[in-house]
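I am attaching a structure below and will ask some questions about it afterwards.
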Amino acid sequence: MSARFRLGAYWIEQRKGSTVWYRAWLDASGSKHRASLGTRDFEQAKVELARWFVENAEVRDQAPADVMLDTVLTRYLAQHGTRIASSDSAKRGVALWRKWWPVDATVADVTVGAQEEFLDWLRGQYSEGYARRVLGVGKSALNRAWKRGEITQVPFVQLPTGGEAYPHYATIDQMVKWLNTPMPEHVWAYTLVRLCTACRGDAALDLQPFQIDVDARLVRLNPAGRRQTKKYRAIVPLQPLLARYVAQADPAAHLVNWHGRRVGSIKTTWRKLRVAARLPAWWVPKVIRHSIATWLRQRGVPAWEVSGLLGHHAGGTTDGYAKFDPAYLGDARRVLGEILDELTARVPRLQALAGGDPKLTPADSQVPDISRRRKIASDKLSS
């Protein structure tokens with residue numbers, strides 16, 4: 001077939017005796033090289049070459065009006081966004097940029113006025129904080145292209161001020177109602193992990209048994225090899241309830257798993273369970289973390305300990321050894337344990353996990369000796 005398609009220094013051709021299409025190019029010495037495009041269809045081969053060219057070809061000193069915005073976003077994801085710890089956020093952010101901006105929009109079209117319209121569109125669907133994160137993804141992509149010399153200049157993207165903290169938190173009664181709602185094991189595990197660690201949702205979904213240090217009574221929310229992001233994953237005290245759950249879990253699977261496989265999202269199932277439990281619309285997964293933070297402060301836990309538990313304080317070299325101090329986040333550990341005891345007294349499924357009587361009803365389980373129940377659970381764990 002004589003048909004040929006070229007982009008810059010690259011073109012499509014077939015090798016003699018083969019029906020597969022290849023990307024071909026000449027090196028500095030004039031020698032030809034080929035790489036398979038993985039298709040025998042010429043039209044599909046053109047698409048594959050275009051995709052490869054956009055993602056990988058050398059781009060230098062282009063004027064903003066000559067560079068497609070989608071090209072900048074595509075190169076950002078292919079060369080950088082998929083390799084960072086927050087890759088899922090980067091993918092979702094790029095998807096929303098592509099959804100709003102026209103296909104033929106150039107970098108020069110990202111004017112202040114257009115940005116304001118885009119931000120208004122985001123605010124109409126998402127929280128202020130999330131709109132800020134989405135806008136930040138595009139800003140990172142544009143700045144990366146400029147820093148690498150691909151574009152001569154890029155527009156300044158003004159991020160809105162950080163949104164206010166999530167305004168809702170649960171009462172103990174609401175949390176008991178949620179915990180007594182029949183739910184599949186992976187949602188139960190997810191809820192338990194977040195209750196016992198106050199971690200963010202992605203950290204709960206990522207948690208594996210090897211991150212639990214039973215001897216040191218610590219949970220390392222950031223697995224080895226994963227680079228920390230602005231959403232710092234802390235090392236937090238291990239609560240007995242979570243330790244007992246881990247002891248029963250599959251050591252080769254994530255704690256939150258579906259038939260042994262990591263769960264990507266629990267949002268759909270969560271919404272169905274929320275409706276079944278007749279809880280308010282604001283009852284979303286992050287309400288667990290916000291509730292714990294609120295409860296701890298209401299009960300007098302120092303702000304710096306709550307901050308440390310939530311991962312708002314990364315700490316320095318000296319702080320790295322503090323986690324091995326028996327008093328590490330002592331007030332937060334103790335008060336969170338007391339809160340878990342209160343919940344356990346009213347949730348049969350937690351009682352079974354703690355070694356109590358799972359047949360107790362919420363009305364029967366209003367017993368005063370909470371500390372004794374916790375001591376028994378801790379003693380059983382130690383043994």
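The values are calculated or read from the model by the stated rules, or taken from the named source; none is laboratory data. A quick note: this is a predicted structure, and the numbers were derived from the prediction, not measured. Here Cβ is always computed from backbone atoms with ideal geometry, including for glycine, and neighbour counts include all displayed protein chains. What goes into the accessible areas is simple: the full protein's heavy atoms, side chains included, and nothing from ligands, DNA or RNA. Shrake-Rupley method; radii C 1.70, N 1.55, O 1.52, S 1.80 Å.
For residues that are part of a loop (DSSP other than H, G, I, E, B) and among the hydroxyl-bearing types (Ser, Thr, Tyr), scanning just the range 28-65, find the one that is least open to solvent (accessible area, probe 1.4 Å).
Only one residue fits best here, namely THR39.
Let me ask another. Regarding the range 275-283, can at least one residue be identified that is open to solvent by 50 Å² or more (accessible area, probe 1.4 Å), closer than 30 Å to ARG334 by Cα, assigned to a loop (DSSP other than H, G, I, E, B) and at pLDDT below 95?
Yes, some residue in the range 275-283 is open to solvent by 50 Å² or more (accessible area, probe 1.4 Å), closer than 30 Å to ARG334 by Cα, assigned to a loop (DSSP other than H, G, I, E, B) and at pLDDT below 95.
Next question, about the same structure. Could you please let me know if TRP25 is at pLDDT 80 or above, in a helix (DSSP H, G or I) and surrounded by 12 or more Cβ atoms within 10 Å (Cβ to Cβ)?
Judged against the criteria, TRP25 is not a match.
This table checks each residue for (1) closer than 17 Å to TYR76 by Cβ; (2) over 26 Å from the mean Cα position of the chain (by Cα); (3) part of a helix (DSSP H, G or I).
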| site | (1), (2), (3) |
| --- | --- |
| LYS99 | yes, no, yes |
| ALA114 | no, yes, yes |
| GLN125 | no, no, no |
| ALA131 | no, no, yes |
| VAL134 | yes, no, yes |
| VAL137 | yes, no, yes |
| ALA141 | yes, no, yes |
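Kindly establish whether VAL246 is part of a helix (DSSP H, G or I) and touching a residue at least 12 places away in the same chain (Cβ under 8 Å).
Taking the combined requirement at face value, the residue satisfies it.
I'm trying to understand the selection: among the residues of the range 284-294, which are open to solvent by less than 80 Å² (accessible area, probe 1.4 Å) and either among the charged types (D, E, K, R) or free of Cβ contacts under 8 Å to residues at least 12 places away in the same chain (or both)?
ARG289
Separate question: From the list ARG233, ARG194, which one is open to solvent by less than 20 Å² (accessible area, probe 1.4 Å), at pLDDT 90 or above, over 30 Å from VAL112 (Cα atoms) and in contact with a Gly (Cβ under 7 Å, 6 or more places away or on another chain)?
None of the others qualify; the one that does is ARG233.
Between a first residue in the range 218-231 that is within 20 Å of TYR190 (Cβ to Cβ) and in contact (Cβ under 8 Å) with a residue 60 or more places away in the chain and a second residue that is open to solvent by less than 40 Å² (accessible area, probe 1.4 Å) and hydroxyl-bearing (Ser, Thr, Tyr), which pairs have beta carbons less than 6 Å apart while being 6 or more apart in sequence or on different chains?
Partner pairs satisfying both residue conditions: none exist.
Keeping to the range 101-133, report how many residues are without any contact (Cβ under 8 Å) to a residue 24 or more places away in the chain, under 12 Å from LEU69 (Cα atoms) and surrounded by 15 or more Cβ atoms within 10 Å (Cβ to Cβ).
Qualifying residue count, the range 101-133: 0.
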